[in-house]
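No value in this document is a laboratory result; all are computed from the given coordinates. Here the structure is a predicted model, which means the values were calculated and not measured. Don't worry about glycine lacking a Cβ; one is built from the backbone with ideal geometry, like all the others, and counts go over all protein chains shown.
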């Protein structure tokens with residue numbers, strides 16, 4: 001059976017490598033997050049066939065990056081085959097960014113850096129993020145950034161050019177259609193820029209449109225789990241009118257290459 | 001898993017002011033996408049009944065779905081006081097003649113902009129309640145307090161909340177616990193493990209499958225049910241049995 005046929009039967013895609021490049025973990029201020037723990041996420045992952053989830057904790061993109069990073073470090077140590085974490089830094093604590101990154105990368109299961117400029121009240125190009133970009137550039141690791149709107153996408157264009165060895169993942173692919181159009185051009189322009197499809201506004205035909213515009217090699221499966229459920233984004237991709245190879249690229253092969261580049 | 005029969009209770013077709021790339025608007029394209037996603041029947045409204053005029057859009061709906069037996073009409077309704085729409089008694093007769101068994105309202109400020117208080121919609125709600133016609137209404141258009149008031153004052157009126165979000169539980173649980181006449185359409189309900197939680201706390205009979213095509217993805221919608229960690233019976237209830245039961249219970253005579 002192909003991916004479409006498996007999805008119609010509600011079967012986990014066990015023969016497809018699925019790496020969810022955009023996850024969270026734990027409770028959140030604004031709403032209820034049932035089963036938001038690592039174990040709750042594993043239940044969701046197993047039902048769909050997600051091999052590896054790449055989380056940043058809600059606490060870390062919110063008020064306490066140490067609390068959040070510890071939560072993720074604990075998860076990757078407990079389930080090393082199922083989680084690969086991001087170290088999240090907060091630009092409002094610039095003097096601790098280098099220390100926190102060093103502390104995080106001591107753990108084998110941490111594979112990248114997460115930035116949430118919107119929650120932390122700074123822009124993607126704020127100077128306090130420079131340390132994080134420099135570390136990512138030297139380690140050749142991914143940087144997952146919350147990218148929402150045209151302004152954010154255009155900042156990625158400039159930052160990615162300054163740090164060509166880091167892999168930049170535009171979370172939510174820019175979110176709105178105008179921003180996505182620019183994002184598609186930027187992922188084609190820069191070898192080191194990717195876009196993930198995590199967004200609750202699950203538009204009909206959006207995956208097909210992104211693949212036609214940017215190519216399946218630059219699009220990543222990200223679900224935002226457990227901020228919201230992984231099944232809608234999974235379904236958008238599994239049912240998309242694109243080739244089986246395109247789906248496999250997006251589901252996991254592209255992110256595998258990004259992680260391997262860091263680990264080499 | 002046995003094959004799930006999907007009855008989509010929230011989709012539409014017709015021209016819209018905003019059509020995202022990759023989406024569609026023609027009735028024949030809705031039919032094709034439904035087939036792709038394994039959806040066999042649908043309750044549909046016309047986009048012009050929402051974005052332009054219920055009278056115009058409802059008429060276009062009836063005309064365009066004639067050759068599609070798998071499409072069941074859902075009319076957008078509104079208050080009658082300005083003579084833009086039928087009085088409740090006229091509406092009741094029109095619904096009977098056209099065998100329309102579900103209606104929707106779009107009272108939001110940025111949509112058809114009317115109050116749902118009794119001095120505006122009271123007669124309409126009473127008629128719908130007496131005929132057991134389910135009313136589809138957007139969460140964002142009504143607000144929690146108004147939903148609670150309508151549920152309280154019209155206990156026989158079945159309300160199906162649409163346009164839910166992943167952030168709604170803290171208010172939704174209280175509403176579902178308090179009002180048995182309240183149900184949810186799940187296309188927007190993307191809470192992590194949310195379907196499983198609602199099944200356990202309130203029962204699968206409170207959820208109704210909808211895709212919100214062509215704005216939202218049919219693949220996203222069916223995957224929420226296909227992969228739900230609930231029984232096959234509960235999946236069938238959500239996918240088609242609950243809405244079929246509601247439509248069968250409508251009294252138009």
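Below, the figures for the structure above:
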quantity: Ranked by how many other beta carbons lie within 10 Å on average, peptides A:202-215, A:219-232 from highest; calculated: A:219-232, A:202-215
quantity: Theoretical ellipticity at 222 nm over the protein assembly as shown - DSSP helices of four or more residues, -39500 (n - 2.57) apiece, nearest 500; calculated: -12000 deg cm²/dmol
quantity: Whole-angstrom gap from the range A:6-69 to the range A:158-216, using each part's C-alpha centre; calculated: 21 Å
quantity: Distribution of pairwise C-alpha distances over the range A:17-263, 5 Å bins, in %; calculated: 1, 7, 16, 21, 22, 18, 11, 4, 1, 0
quantity: Per-residue average of Cβ from other chains inside 10 Å of B:11-22; calculated: 3
quantity: Residue with peak Gaussian network fluctuation, chain B [Cα springs, cutoff 10 Å], from B:191, B:103, B:18; calculated: B:18
quantity: Convex hull volume of the protein assembly as shown per residue (C-alpha atoms, cubic angstrom); calculated: 135 Å³
quantity: Ranked list, fewest to most other Cβ atoms within 10 Å of each Cβ, for A:28, B:75, B:119; calculated: B:119, A:28, B:75
quantity: Estimated FRET transfer efficiency when R0 is 25 angstrom, pair residue B:94-residue B:140 (beta carbons, to 0.05); calculated: 0.35
quantity: Average projected area [Cα convex hull, the range A:49-114], square nanometres; calculated: 4.1 nm²
quantity: Number of partner chain Cβ atoms within 10 Å, mean per residue of A:27-39; calculated: 4
quantity: Highest-first arrangement of A:50-57, A:162-169, B:166-173, where packing means the average Cβ count within 10 Å; calculated: A:50-57, A:162-169, B:166-173
quantity: Average beta-carbon neighbours from other chains, 10 Å sphere, peptide A:220-232; calculated: 5
quantity: DSSP bridge orientation in the range B:6-248 - percent antiparallel, rounded to nearest 5; calculated: 0 percent
quantity: Dmax and Rg, reported as Rg then Dmax, of the range B:6-248 (C-alpha, Å); calculated: 16.8, 49
quantity: Relative contact order, percent, the range A:217-263 [alpha-carbon distance under 8 Å, six or more residues apart]; calculated: 50 percent
quantity: Inter-centroid distance (Cα atoms) of the range B:166-190 relative to the range A:219-264, Å; calculated: 30 Å
